[in-house]
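I have a structure I would like to understand better, so I am pasting it below and will then ask my questions one at a time.
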Amino acid sequence: MSLSQSSISAGARPGTAPPPWWRDAVTYQVYVPSFADGNADGLGDLPGIAARLPHLRDLGVDALWLTPFYPSPQHDHGYDVADYTDVEPRFGTLADADALIERAHRLGLRVVVDLVPNHTSSEHRWFAAALAAGPGSAERARYLFRDGRGPGGTEPPNNWSSVFGGPAWTRVTEADGRPGQWYLHLFDSSQPDLNWRNPEIAEMFLGVLRFWLDRGVDGFRIDVAHGLVKEESLRDQVLPTGTEPSSDATTMIERSLSDEPMWDQPEVHEIYRSWRRLLEEYPGDRMLVAEAWTQTPASLARYVRPEEMHQAFNFAWLLADWSAAAFAEVIRGTLAALSRVAATPTWVLSNHDVVRHPTRYGGGALGVARGRAATLAMLALPGSVYLYQGEELGLEQVEVPPEARQDPSWLRTRDTDQPDVGRDGCRVPLPWAGTRPSYGFGGEGQPWLPQPMDWAPLTVEAQTGVATATLEFYRTALAARREHARGADPEVLIEDRGPDVLAFRRGPLRVVLNAGTAPIDLPDGEILIASDSVTGRRLPPNAAAWLR
Ligand code: GLC
């Protein structure tokens, strides 16, 4: 065995005071419309989630993150909030939210809620007031309204594109019936961007944070955390040569170094410092986790400086191909960037915005095997892990038929020459039991997004107690993490075992992942867990194992 070379530490060593819960937590993302439907209307809801919490306890996670459940016209499935301090009637009531938080706490699960501060819904009362009040008003100053360019103001104020395709500006009709100003929406036109240079906005959100902190939530996932502040001039984006303005979406996910006056502005950090101060007024370890698609690990690390957020999603692994070298580079780069700000890392393979990882890794049995291997490697690392609902069942991306698709990125691009199928395929409601839709999700028949007809073997019921099933693998792997990885040495020692093998150590724990095409010999030591069956001491391709 050739030991190397890269030894990286994940920041703080276990001290005497118990570390805050989030530092090494496994948090399970509940996509509210698709987890469980308590009233059989085809859409998930809070009582449905509360009834299924024992699944999360039995899985062995520490916390759940609920995607937005606030009043919303659902043009972006809750990421278009019309009222930040209430519950969407289709999802339940405030009393249901209280009951869910209470029930989770009784089961030993923390609750993280989603905060969407970059934009409101166009049905928020502030936006209605802005439209009614007209140009130059205090109401319009809560959003980013501007006059258009060109004769008659018929051209958008700048060349920015929406993440969901098409221009990032929509022109309004003024009270007198004439075409008027334009407003900025980095996402759908139903999601107008707030003007965070206006102090009224900061005040409003401090109130929203207090509202949910008082109700007992343990943390907030901050949506589009890198987007709140724009370069003040709202100047044109300098596009790479050969790109036509608005010919393509400003991709938020596929990062490349480019000019981005709409993202990651230095002033955004003051907002998070003020939120951190507020959270610290509350007892318990309340936390903030950033969704920030910044350009580099170093710019991401700025969001988790000591006085800012506690964590940021690290999307590096999620963006990496199935490759031992790529995974090693992700681990190295992540730990190196975070050590400079003394923050602990997070690890993520899937969420509601990306293609599920078994599908990214090749699909079918191969993709699922690779997904299990990557998960096992990730669970051994210091820091915390975010799981996306359904990955514990080995769910793959679903091909949702065009007529059933609902994602605004599909609706905005389907008639263009660059249609984007959108994200519905990772958001199909979970299969719990039974042999046909809705597989115990809720009522009879297909839910809001249709489920495949071949999901019967993938239900929670069908996988429970089956030793080879992905669900049982996740349960065992999470138990192994609690026993062997939690609290282990934060130092990660990456070993060089050839280009097809990811191998690292944390104290006595050793991890080996075989990304090659032939079986490999496992190093000495007791095999604690493997993602696939191991014959003798040979680790098959597309598998990982822990040893001690
Ligand atoms: C975040 C969410 C995504 C949403 C977007 C706009 O990226 O994860 O689902 O569409 O923000 O709020």
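The values are calculated or read from the model by the stated rules, or taken from the named source; none is laboratory data. The shown structure was predicted, so the numbers you read here are calculated from the model rather than taken from an experiment. Cβ coordinates were reconstructed from backbone atoms using ideal geometry, including for glycine residues, and neighbour counts include every protein chain displayed. Areas reflect the complete protein model, heavy atoms only, side chains present, ligands, DNA and RNA absent. Shrake-Rupley method; radii C 1.70, N 1.55, O 1.52, S 1.80 Å.
Can you confirm whether residue 420 is in contact (Cβ under 8 Å) with a residue 24 or more places away in the chain, within 16 Å of the ligand (Cβ to nearest atom) and over 25 Å from residue 374 (Cα atoms)?
Criteria met by residue 420.
Residues checked against (1) among the small types (Gly, Ala, Ser); (2) over 24 Å from residue 471 (Cα atoms); (3) surrounded by 22 or more Cβ atoms within 10 Å (Cβ to Cβ):
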{"site": "325", "(1), (2), (3)": "yes, yes, no"}
{"site": "335", "(1), (2), (3)": "no, yes, yes"}
{"site": "340", "(1), (2), (3)": "no, yes, no"}
{"site": "346", "(1), (2), (3)": "no, no, yes"}
{"site": "360", "(1), (2), (3)": "no, no, yes"}
{"site": "364", "(1), (2), (3)": "yes, no, no"}
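Out of all the residues in the stretch 530-548, which are assigned to a strand (DSSP E or B) and open to solvent by less than 10 Å² (accessible area, probe 1.4 Å)?
539, 543, 544, 545, 546, 547
Go through 17, 40, 36 for me and flag whichever is more than 18 Å from the chain's Cα centre (by Cα) and crowded, with 23+ Cβ neighbours inside 10 Å.
One residue alone meets the criteria, 36.
Another question, then. Output yes when any residue across the stretch 410-418 is within 24 Å of residue 23 (Cβ to Cβ) and basic (Lys, Arg), and no when none is.
No, the stretch 410-418 has no match at all.
Looking at (1) out of contact with any Ser or Thr (no Cβ under 9 Å at 6 or more places or on another chain); (2) buried (at least 24 other Cβ atoms within 10 Å of the Cβ), which is the one condition that is false for residue 226?
(1)
Also: Return yes or no: is residue 80 farther than 22 Å from residue 433 by Cα, modelled with pLDDT of 95 or more, crowded, with 24+ Cβ neighbours inside 10 Å and out of contact with any strand residue (DSSP E or B) (no Cβ under 7 Å at 6 or more places or on another chain)?
In short, yes.
Which one is surrounded by the most Cβ atoms within 10 Å (Cβ to Cβ), of the residues in the stretch 169-183 that are touching a Phe, Trp or Tyr at 6+ places or on another chain (Cβ under 8 Å) and farther than 14 Å from residue 155 by Cβ?
Per the criteria, the residue is 183.
Are any residues in the stretch 1-58 at pLDDT 95 or above, aliphatic (A, V, I, L, M) and within 20 Å of residue 288 (Cα to Cα), and if so, which ones?
Scanning the stretch 1-58 gives 25, 26, 30, 32.
Let me ask you something else. Taking residue 397 as the residue in question, decide whether it is in contact with a helix residue (DSSP H, G or I) (Cβ under 7 Å, 6 or more places away or on another chain), at pLDDT 95 or above, within 16 Å of the ligand (Cβ to nearest atom) and under 18 Å from residue 318 (Cβ atoms).
yes
Test each condition in (1) away from the ligand (no atom under 16 Å from the Cβ); (2) under 30 Å from residue 306 (Cβ atoms) for residue 364 and report the one that comes out false.
Answer for residue 364: the failing condition is (2).
How about the stretch 118-159: which of its residues are among the hydrophobic types (A, V, I, L, M, F, W, C), touching an Asp or Glu at 6+ places or on another chain (Cβ under 8 Å) and within 16 Å of the ligand (Cβ to nearest atom)?
Hit for the stretch 118-159 is 144, nothing else.
Just checking, does the stretch 433-440 include any residue being more than 30 Å from residue 165 (Cα to Cα), more than 16 Å from the ligand (Cβ to nearest atom), without any contact (Cβ under 8 Å) to a residue 24 or more places away in the chain and open to solvent by 50 Å² or more (accessible area, probe 1.4 Å)?
yes
Quick check: anything in the stretch 158-169 within 23 Å of residue 229 (Cβ to Cβ), of a type in the set (Phe, Trp, Tyr) and not in a strand (DSSP E or B)?
Yes, the conditions are met somewhere in the stretch 158-169.
Filter the stretch 173-206 down to residues that are under 16 Å from residue 83 (Cα atoms), within 16 Å of the ligand (Cβ to nearest atom) and charged (D, E, K, R), then give me how many there are.
So the count comes out to 1.
Given 288, 300, which one is in contact with a strand residue (DSSP E or B) (Cβ under 6 Å, 6 or more places away or on another chain) and open to solvent by 20 Å² or more (accessible area, probe 1.4 Å)?
None of the other options fit; the residue is 300.
Considering (1) open to solvent by 50 Å² or more (accessible area, probe 1.4 Å); (2) within 16 Å of the ligand (Cβ to nearest atom); (3) not in a loop (DSSP other than H, G, I, E, B), say which one residue 457 fails and leave the rest.
Answer for residue 457: the failing condition is (2).
Kindly indicate the residue of the stretch 207-234 that is part of a helix (DSSP H, G or I) and closer than 18 Å to residue 119 by Cβ and also nearest to the ligand (Cβ to nearest atom) among those meeting that condition.
Restricting to residues being part of a helix (DSSP H, G or I) and closer than 18 Å to residue 119 by Cβ, the top hit is 208.
If a residue has to be assigned to a strand (DSSP E or B) and either open to solvent by 10 Å² or more (accessible area, probe 1.4 Å) or hydroxyl-bearing (Ser, Thr, Tyr) (or both) to count, how many in the stretch 105-144 make the cut?
Total satisfying the criteria: 2.
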